[in-house]
Structures are given as C-alpha cells and as structure tokens.
Amino acid sequence: MSAAGSAKKWHWAVGVDYLNSGRMPETNELGGIVGEFRFQESRPRATVARALELKGGRQILVGATARWTLQTASNFVAQALSTDLGATYVGDSGRFHAALVLQHAGLSLDPLGSTPEALPTAVHAAISRKFRYAPFRIHIAARDLQRWNLAGYEPLREVRDPLTGAVTYNEPSFTNLALRHLATAVEAELGGRLRLQIGYDFRRQLEMQLPTRRTNAGLSFGFGLKAGKSQFQWSQAVYHVAGRFTQFSYTRNL
C-alpha cells in the first residue's frame, strides 16, 4: 500500500509493505513437529526526491528512501533501519537515462540471532537508451557491483580424476563472473498506450540451469497497457523448469 504526490520540483511517497507466510509447522532439532508459527514482515517506508534542471533540457534526479523493517518468526523478533540512495541523469530529450543506486545501507537494531549482522548493502548501475526513429528502448543493468565474485559453490564444476580419484574444482572464467552482474531488456512502445518488454538475467540463467535440459531460466517478458488514468502491468519470469513467476499490477492516478 502506498501513496505519492509532488510539489514544484519535489516528489514524495509513503507506503507500507507487508508479508505474512501463513501457518507453518514448527519443528525441533530432530525434525519432530512441536507446533505452528507464522513469519511476518512489515516495512513502513518514506521517499523524497528532487529534480535538478541542467542546461540543454537535461536533468539530474536525486532521491532517498528510509525504511524500518520489523520481522517476527515464532518468538523471535528482528528490526533494522535502512536507506536507499539514488541518482539518475536524463539527457537527449529524455531518450537517455543513466542511474546509480546504493541499496540497503543501514544497521540492524535487533537481530534474530545473538550476533548483529550487517545489512546486505548493494550498489547497482543502469543505462537506458531510446532510439530516435524507432519505438524501441534498450536497458542494460549492472548489479551488485560491491562484490566481483557472485558465483557460489557449484558441484557441477567438480572434476574427479578417474585414476587417482583426486577432485579438482574449475573456477568460473572472467566472462562468467562478468555476466553474472548483467541483465538486459528491450522495450517496444506502441502508440503511447501499449508497451511490450522482454528481458534476460544472465546470473539467474547461470545459477538455475540444469545439466540435462534447457530451462530458459533468466528469461522474462510482459506488457503494459495504459487506459486513461489506469495502468495495467503483466509479467512472467522463468526461474526453473518446475515453474514460472507471474505478476499482475494495477495502478490508477487520483
């Protein structure tokens, strides 16, 4: 749930995100069921942004979001304060965008465990370009720039010597590590009301692929339709051969 508004060059938004897992079985260390519990998360947030005008019709948009996160799981409670900072450069009459985001910078106030943990702070960058004489826009995003190696341990990279039985591990190549940061998308704007989108997440494909069959993991597609003050969005993302993730949203300007 959220609400937003603007005044002159300032923009603001407030909202609350809520998650409830429903009832889940609670087990002991041996796997025996001892009861039920719920996992709940509430995240009130507030956002403020401002547009800075430059010469030649260019703009720099800067903004910040403050967020308080409260999680409860059975008798455990965790709290954290975090902020997101971002800046976007808009040029070439709105056809070019470049953005930089610092996400989840903050501290844990009341961790679930006995030892406080740092929040997963991340740095993302993206560029977007719309063709002058064609209804297409290209997006390229580089995510998690704060850490170069995003590859976890992958058992498929183990190689066993048939004679000695020694096991060696093939480390990911430079290209493999670089692609894990990238996601690309192409958007077609048709008539100002209909938008078609298709995207590809290289990291998701590399992490969710299967050695025996192609899963199309990393592929996503969707469309958006604008009708008066209302906007409809539908999208589907392929994560695994077992299923896909579908989202639908409806937005209306008051």
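Since every read-out is calculated from the coordinates, none of them should be taken as a lab result. Note that the structure is predicted; figures quoted are calculated from it, not measured. Glycine also receives a Cβ, built like all others from the backbone with ideal geometry; neighbour counts cover every protein chain displayed.
Before moving on, here are some points about what is shown:
- In plain terms, the chain from His139 to Leu102 could stretch by 11.4 nm, reckoned as 0.36 nm per residue minus the Cα-Cα distance.
- Remark: the Phe39-Leu196 segment gains 52.9 nm on full extension, using 0.36 nm per residue and subtracting the alpha carbon distance.
- Net length available on complete extension from Phe131 to Ser249 is 39.7 nm, with 0.36 nm assigned per residue and the Cα-Cα distance removed.
- By the beta-carbon count within 10 Å of each Cβ, the least crowded to most crowded order of Val14, Val159, fewest first, is Val159, Val14.
- Distance between modelled label sites at Leu163 and Leu52, nm, 7 Å Cα→Cβ extension: 6.5
- Going by neighbour counts of Cβ atoms within 10 Å, the residues Glu53, Glu29, Glu41 line up, fewest first, as Glu29, Glu53, Glu41.
- Shown for Arg45, Arg129, Arg180: other C-beta atoms within 10 Å of each C-beta, ranked fewest to most, produce the order Arg129, Arg45, Arg180.
- Local net charge near Phe136, Cβ-Cβ under 9 Å (Lys/Arg +1, Asp/Glu -1): 0
- Net charge of the neighbourhood of Leu206, taken over other residues with C-beta under 12 Å away and scored Lys/Arg +1, Asp/Glu -1, is +1.
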